[in-house]
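Notes to accompany the following structure.
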């Protein structure tokens with residue numbers, strides 16, 4: 001988090017589905033919860049550059065994680 005935002009008061013803001021863009025292609029559904037990825041932007045306000053994606057993949061489907069971020073993580077199927 002940027003230094004100037006480290007002491008901000010905590011808050012809760014509800015964001016409706018209309019500000020959470022989704023994308024589909026054969027075998028893949030993606031909803032961008034926050035940040036920017038794949039050329040689209042979420043309406044959710046963030047304090048630093050990031051992306052937070054929800055993916056649903058059919059068996060055998062593959063996706064490539066977005067580049068341009070120094071730290072990225074994913075949940076393995078075994079972790080579910």
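The values are calculated or read from the model by the stated rules, or taken from the named source; none is laboratory data. Fair warning: this is a prediction, and the values are worked out from it, not measured in the lab. Because the Cβ atoms are built from the backbone with ideal geometry, glycine has one as well, and the counts that use them run over all protein chains shown.
When residue 14 is tested against (1) modelled with pLDDT under 90; (2) in a loop (DSSP other than H, G, I, E, B), only condition (1) is not met.
In the set (1) surrounded by 14 or more Cβ atoms within 10 Å (Cβ to Cβ); (2) under 13 Å from the mean Cα position of the chain (by Cα), residue 28 fails one condition alone, (2).
Take the residues in region 17-26 that are touching a strand residue (DSSP E or B) at 6+ places or on another chain (Cβ under 7 Å) and assigned to a loop (DSSP other than H, G, I, E, B), then tell me which one is farthest from residue 1 (Cα to Cα). So, considering only residues that are touching a strand residue (DSSP E or B) at 6+ places or on another chain (Cβ under 7 Å) and assigned to a loop (DSSP other than H, G, I, E, B), the one farthest from residue 1 (Cα to Cα) is 21.
Selection of first residues in region 50-70 that are surrounded by 12 or more Cβ atoms within 10 Å (Cβ to Cβ) and of second residues that are modelled with pLDDT of 90 or more and assigned to a loop (DSSP other than H, G, I, E, B), restricted to Cβ pairs under 7 Å at least 6 apart or on distinct chains, gives the following pairs, ordered by first then second residue: 57/27; 61/27. The set of residues from region 43-64 being in a loop (DSSP other than H, G, I, E, B) and closer than 16 Å to residue 27 by Cα comprises 58, 59, 60, 61, 62, 63, 64. Answer yes or no: is there a residue in region 27-42 that is in contact with a helix residue (DSSP H, G or I) (Cβ under 8 Å, 6 or more places away or on another chain) and either at pLDDT below 90 or not in a strand (DSSP E or B) (or both). Checked region 27-42: at least one residue is in contact with a helix residue (DSSP H, G or I) (Cβ under 8 Å, 6 or more places away or on another chain) and either at pLDDT below 90 or not in a strand (DSSP E or B) (or both).
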